Amino acid sequence: MGISLDGLRDKNLMQLKKLNLALFPVRYNDKYYADALSSGEFTKLAYYSDICVGAIACRLEKMEGGSVRAYIMTLGVLAPYRGLGIGTKLLNHVMELSAKQNISEIYLHVQTNNDDAIAFYKKFGFEIAETIQNYYTNISPPDCYVVSKLLPVSSAKK
Ligand code: ACO
């Protein structure tokens, strides 16, 4: 069965909203969706056959000095479709795109009890950089890790 990725547009924005409702205990605001739409290829919906079953949504952040960071706002796959390589395909897509676009770092926040997600990111070379107490207001535990992967940045323009 084929897994394919598709870009985010106004027309399929509702798919991402439905996925987030099913996957995350957090409600995302209009800024989240505006950031996802303006991140271009850095936000993707994943289809298993013709069913939308997962997504990665990023925000690009310009840093002082000109470098750019990619922040993974959400990455999720519906439970019945986990373990099929869909999360890997979504994360690999963002890592490859980041390398091509000379992004210096990819980072994200993850709840400290989310062992599956922490193990998943570590497998791809991400590391826990920091713990933030009381990052979340409505979920328990309220603490998160900042999980990050630094990418080699070349000064030469390709
Ligand atoms: N369930 C959970 N994890 C599994 C399963 C399964 N049934 N099967 C395998 N895995 C583990 C394995 O370690 C696997 O590696 P392997 O294939 O080399 O053994 C690894 O997960 C990767 O498997 P994939 O199939 O590529 O990943 P998947 O599509 O299951 O997605 C994800 C991983 C996104 C973390 C998923 O578990 C998920 O949606 N979790 C709930 C949402 C979530 O917590 N997202 C991250 C929060 S942080 C953030 O969004 C920024």
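The values are calculated or read from the model by the stated rules, or taken from the named source; none is laboratory data. All figures in this text were calculated on a predicted structure; none of them were measured in a lab. Methodologically, a virtual Cβ is constructed for each residue, glycine included, from the backbone with ideal geometry; neighbour enumeration extends over all protein chains shown. These accessible areas exclude ligands, DNA and RNA; they are computed on the full protein's heavy atoms, side chains included. Shrake-Rupley method; radii C 1.70, N 1.55, O 1.52, S 1.80 Å.
Remarks
- Options SER98, SER148, SER104: the member that is modelled with pLDDT under 95 and either polar (S, T, N, Q) or away from the ligand (no atom under 14 Å from the Cβ) (or both): SER104
- Test result for LEU60, part of a strand (DSSP E or B), within 29 Å of GLY2 (Cβ to Cβ) and either modelled with pLDDT under 95 or in contact with a Lys or Arg (Cβ under 9 Å, 6 or more places away or on another chain) (or both): yes
- Meets criteria (closer than 19 Å to SER4 by Cα and outside any helix (DSSP H, G or I)) for GLY76: yes
- Yes/no for LYS149 being of a type in the set (D, E, K, R), part of a helix (DSSP H, G or I), in contact with a strand residue (DSSP E or B) (Cβ under 7 Å, 6 or more places away or on another chain) and crowded, with 16+ Cβ neighbours inside 10 Å: no
- Pick from segment 25-59, criterion among the aromatic types (Phe, Trp, Tyr) and open to solvent by less than 50 Å² (accessible area, probe 1.4 Å), ranking: farthest from TYR136 (Cα to Cα): TYR47
- Lone qualifier among ALA70, ALA22, ALA99 - being surrounded by fewer than 20 Cβ atoms within 10 Å (Cβ to Cβ), touching a Leu at 6+ places or on another chain (Cβ under 9 Å), touching a residue at least 24 places away in the same chain (Cβ under 8 Å) and within 27 Å of PRO142 (Cβ to Cβ): ALA22
- Among the conditions (1) part of a loop (DSSP other than H, G, I, E, B); (2) within 9 Å of the ligand (Cβ to nearest atom), the only one that LYS89 does not satisfy is (1).
- Qualifying residue in segment 109-120 (condition: free of Cβ contacts under 8 Å to residues at least 12 places away in the same chain and more than 8 Å from the ligand (Cβ to nearest atom)): yes
- The numbered conditions (1) touching a helix residue (DSSP H, G or I) at 6+ places or on another chain (Cβ under 9 Å); (2) assigned to a loop (DSSP other than H, G, I, E, B); (3) more than 14 Å from the ligand (Cβ to nearest atom) are all true for TYR33 except (2).
- Residue within segment 106-116 that is within 13 Å of the chain's Cα centre (by Cα) and part of a helix (DSSP H, G or I) present: no
- Qualifying residues in segment 78-94 (those that are within 11 Å of the chain's Cα centre (by Cα) and within 25 Å of LYS31 (Cβ to Cβ)) - the one most open to solvent (accessible area, probe 1.4 Å): HIS93
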